[in-house]
Amino acid sequence: MNPFYLSYLFEELPNIDTTDQTKLAEFLPWSPTLPQDCHVPNKSK
């Protein structure tokens, strides 16, 4: 797991309505709305 992703979650989640499923979906690891540095690069051969 990317440490930038965890840092992003700890900074952002306290500031949102965690009962809003749509808003929470934006923070899932595969969400395209995450900042680029939160994504783990593909390890394809």
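Where a number appears in this text, it was derived from the coordinates with a stated rule and is not lab data. Just so it is clear, the structure is predicted and the values come from calculations on it, not from any experiment. Note: ideal-geometry Cβ built from the backbone for every residue, glycine included; neighbour counts use all protein chains shown.
How much length is gained if the chain between residue 8 and residue 36 is pulled fully straight, taking 0.36 nm per residue apart and subtracting their Cα-Cα distance, in nm to one decimal? Spell out each step's value before the answer.
Details: separation 28, 0.36 × 28 = 10.08 nm, distance 1.13 nm.
Gain on stretching residue 8 to residue 36: 9.0 nm.
To the nearest 20 debye, what is the magnitude of the charge dipole of the chain about its Cα centre, counting +1 on the Cβ of each Lys and Arg and -1 on the Cβ of each Asp and Glu?
On the way: 3 positive and 6 negative charges, 77 e Å.
Using only the charged Cβ atoms, the result is roughly 380 debye.
Given 10, 31, 21, which one lies farthest toward the positive end of the charge dipole of the chain, if we put +1 on the Cβ of every Lys and Arg and -1 on the Cβ of every Asp and Glu?
In the chain, that residue is 31.
Just to be sure I understand, if you calculate Kirkwood radius over Cα pairs in Å for this structure, which of [x] 11.3; [y] 12.6; [z] 15.5 do you get?
The calculated read-out lines up with [x].
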